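Here's the structure, in structure tokens; my notes come after.
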Amino acid sequence: MKKQAVFFWIIIALAIIGIPEALSSTQGLISILIPLILFGLIYVLYKYPPKKYQKTPKIKPSARTAAKLAQQRRTSSMSSNTGKRKSYPFQVIDGNKGKNDEDTPKYH
């Protein structure tokens with residue numbers, strides 16, 4: 001823990017020395033302002049995202065609404081299943097070929 005604290009204070013001391021030094025020249029001012037503006041812009045976008053990227057809160061429907069929706073789903077699914085499906089009397093017919101164990105693949 002102490003090594004981290006020493007490292008932190010060394011970085012702070014270097015920043016205190018380096019920022020005024022960088023601000024003294026014109027090139028240094030630009031090199032500090034651009035990252036600050038970028039970090040500020042990213043922070044603002046993170047804190048206040050645009051409306052199209054915000055998640056809308058889910059509103060739980062009331063018990064009456066949920067019951068109506070469930071009833072509508074049941075009636076529509078039941079009526080559509082009976083209309084589309086037909087029952088065919090399928091029957092398996094045994095073939096005339098004899099089964100040969102040598103012809104079957106080894107992996108079955």
inquiry  = Counting C-alpha atoms alone, how compact is segment 2-53: give Rg to one decimal and Dmax as a whole number, in angstrom.
reply    = 15.9, 46
request  = Can you tell me the FRET efficiency between ILE11 and LEU33 if r is taken as the Cβ-Cβ distance and R0 is 22 Å, rounded to the nearest 0.05?
outcome  = 0.60
request  = Using a 10 Å cut-off on Cβ atoms, rank the peptides 16-26, 55-65 from the highest mean neighbour count down.
outcome  = 16-26, 55-65
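Where a number appears in this text, it was derived from the coordinates with a stated rule and is not lab data. What you see is a predicted model; the values in this text were computed from it and never measured. Cβ atoms come from the backbone with ideal geometry, glycine included; neighbour counts cover every protein chain shown.
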